[in-house]
């Protein structure tokens, strides 16, 4: 039965290759972005289950952010490693705090307003209050977030839940976690342990509810270390971790309302970490995957019985201390014990894997092939890779200085050993960086009045955009068309648009995760990802809101930026017809109207194939802009009103309302 569960978990959680794609594309992206961050910038990191390689339905997305020019030290001797002229130093003082928690004492003057505002004085020393800092930063990354634990939390369109934690980083491994190093005899490997220790830890903004300074205390976060431990798992161990997460969600948390909030996926992660390190099961493989699950379940049951769940890095920190105790603990234990008495049959309560287990019970002699290469096809791997690549391709920090640093980092990485997935991700990132740099250069020199500088900048911008299109996506050609339109070269723009149209009309185009599998395999099977990406992959057009691409969208970009939305995400076919309409207005009004008609049909009648429902806000807006330009104000008003009724993914309502107001004031029929 273990082999059958292994195969179904490969389908639900991912194969070894799928998980590698997810991890390695994120990894290389963060290296580029981090190297491009200035000393006074903010570093962001994907964390949690998504970073570990899971893409389970209903999972939230976790991000951590920290100030690059602030560093926490564990003792005063470590201050010698920093130049206090450009680093704010903070001292971890855990002398009065429960295990796993600490106070953060500000040693040098704060330069960041939120840090200054969060300072409190205790015993003639200045400390940073976690509760104040958490409240101040809760909605920094995502507007209208609410405080949840140490994070700002919310959801996008009622679908994707997110947690953003604004924290502080420390380059040193804490003394209170030194016992973990000594415990690592068999797992993880010494190189992994060294890497973990070398990268230190973080502090997230939440105190211990039973501690003496709950509102001031910070919690040690080993998020980076945990991610490296998960990466050190073999695939059977990782799938067992995935099975524990499914079991928690679909079985344990369905037992009763009283107990369904007591355990969380972090407890499952802690359980499998301890189970692997204690070497209870000598060999984790597909054939004994369920034995591994049972080892973990028994360990969890024991912890619930005792009311003690030791943190993997600081065992003295009992993760059950404030939740799993008293009558709730007893009830949870009884529920888990009832599941335990059923043996592995308790997995039949899991909706995800029940039917597969039943199949095995009915056909116990059936042969199960655990060869992962037969579980997924080439086209499945390709669409997964292209999806992950494009999810990570947005570059937000786009002043020229950052772009130069990004390109320098790419140059360094090209000469380093990279995996096949990282090479393609780097290719996509480089195209994005070149596109942004091209527009920044043009905007810098447009109004200088120096013809020679403008001419050189234009040549460089054209070259960068063409270079990006050579190893980017099919849709990257539209950045060239936008540039030609912006510089009044309408015929050149239309030539590029026509070429793009031909490529977008290919029956084996990959867009929005959709593809004609048979035609794709027939034409592109066996070719390199680089070739496939250039020839048949299209994605939405990302417009960074700090850069002007085309003047017609300036109000929308400004509105989005005011609401802390860094990019406009425009469906490629919407942008295609929009540009075609704008260009033909200067050449042929009949063809301009034809482009507008095509855009109108797309926006009005598409069922999600080319215009995702979350992109309908900006799509209706663009249709309204075109209709307003042609003088069809009634139709434009309808489109703008439709835009206001969509989910506000881009927060462009200010621009939309302003356009409606201007239109109503300028029309005689109002």
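On the given criteria, is residue 421 on the phi < 0 side of the Ramachandran plot, surrounded by 12 or more Cβ atoms within 10 Å (Cβ to Cβ) and not assigned by TED's automatic domain parsing to the domain that holds residue 511? Walk me through how you get there before you give the answer.
On the way: on the phi < 0 side of the Ramachandran plot: yes; surrounded by 12 or more Cβ atoms within 10 Å (Cβ to Cβ): yes; not assigned by TED's automatic domain parsing to the domain that holds residue 511: no.
In short, no.
Any idea which of 567, 572 is touching a strand residue (DSSP E or B) at 6+ places or on another chain (Cβ under 7 Å) and closer than 20 Å to residue 500 by Cα? Even if it seems obvious, please write down each step before you answer.
On the way: 567 fails: closer than 20 Å to residue 500 by Cα.
Selected residue: 572, the only one of 567, 572 that is touching a strand residue (DSSP E or B) at 6+ places or on another chain (Cβ under 7 Å) and closer than 20 Å to residue 500 by Cα.
Is it true that residue 445 is surrounded by fewer than 23 Cβ atoms within 10 Å (Cβ to Cβ), outside the structural domain of residue 511 (by TED's automatic domain parsing) and over 17 Å from residue 33 (Cβ atoms)?
On the way: surrounded by fewer than 23 Cβ atoms within 10 Å (Cβ to Cβ): yes; outside the structural domain of residue 511 (by TED's automatic domain parsing): no; over 17 Å from residue 33 (Cβ atoms): yes.
No, not satisfied.
Please determine whether any residue of segment 25-34 is assigned to a strand (DSSP E or B), touching a residue at least 60 places away in the same chain (Cβ under 8 Å) and on the phi < 0 side of the Ramachandran plot. Before you say what the answer is, go through the steps one by one.
If we filter segment 25-34 for residues that are assigned to a strand (DSSP E or B), which is where we start, we get none.
The answer is no; no qualifying residue exists.
Looking only at segment 241-257, decide whether some residue is outside any helix (DSSP H, G or I) and touching a strand residue (DSSP E or B) at 6+ places or on another chain (Cβ under 8 Å). Spell out the reasoning first.
Start the filter on segment 241-257 by keeping residues that are outside any helix (DSSP H, G or I), which leaves 251, 255-257.
If we keep only those that are touching a strand residue (DSSP E or B) at 6+ places or on another chain (Cβ under 8 Å) too, we end up with none.
No: zero hits.
Can we say residue 71 is touching a strand residue (DSSP E or B) at 6+ places or on another chain (Cβ under 7 Å), modelled with pLDDT of 95 or more and buried (at least 20 other Cβ atoms within 10 Å of the Cβ)?
Spelling it out, residue 71 is indeed touching a strand residue (DSSP E or B) at 6+ places or on another chain (Cβ under 7 Å), modelled with pLDDT of 95 or more and buried (at least 20 other Cβ atoms within 10 Å of the Cβ).
Of the residues 222, 247, which single one is under 23 Å from the mean Cα position of the chain (by Cα) and more than 20 Å from residue 22 (Cβ to Cβ)?
Exactly one residue qualifies, and that residue is 222.
Any residue in segment 279-303 that's assigned by TED's automatic domain parsing to the domain that holds residue 239 and surrounded by fewer than 17 Cβ atoms within 10 Å (Cβ to Cβ): show its pairings with residues that are assigned to a helix (DSSP H, G or I) and at pLDDT below 95 at Cβ separation under 6 Å, as long as the two are six or more apart or on different chains.
287/2
Would segment 181-191 turn up any residue that is in the same structural domain as residue 66 (by TED's automatic domain parsing), closer than 29 Å to residue 59 by Cα and in a strand (DSSP E or B)?
No, that holds for no residue.
Matching residues to (1) surrounded by 18 or more Cβ atoms within 10 Å (Cβ to Cβ); (2) in contact with a strand residue (DSSP E or B) (Cβ under 7 Å, 6 or more places away or on another chain):
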| residue | (1), (2) |
| --- | --- |
| 182 | no, no |
| 193 | yes, no |
| 206 | yes, yes |
| 210 | no, no |
| 214 | no, no |
| 221 | yes, yes |
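Considering segment 615-652 alone, what residues qualify as being surrounded by fewer than 17 Cβ atoms within 10 Å (Cβ to Cβ) and in contact (Cβ under 8 Å) with a residue 40 or more places away in the chain?
Residues satisfying the conditions are 629, 647.
Go through segment 76-88 and report how many residues are surrounded by fewer than 18 Cβ atoms within 10 Å (Cβ to Cβ) and either without any contact (Cβ under 8 Å) to a residue 12 or more places away in the chain or in contact with a helix residue (DSSP H, G or I) (Cβ under 8 Å, 6 or more places away or on another chain) (or both).
5
The values are calculated or read from the model by the stated rules, or taken from the named source; none is laboratory data. Quick caveat: nothing in here was measured; it's all calculated off a predicted structure. FYI the Cβ positions are ideal-geometry reconstructions off the backbone, even for glycines, and counts take in every protein chain you see.
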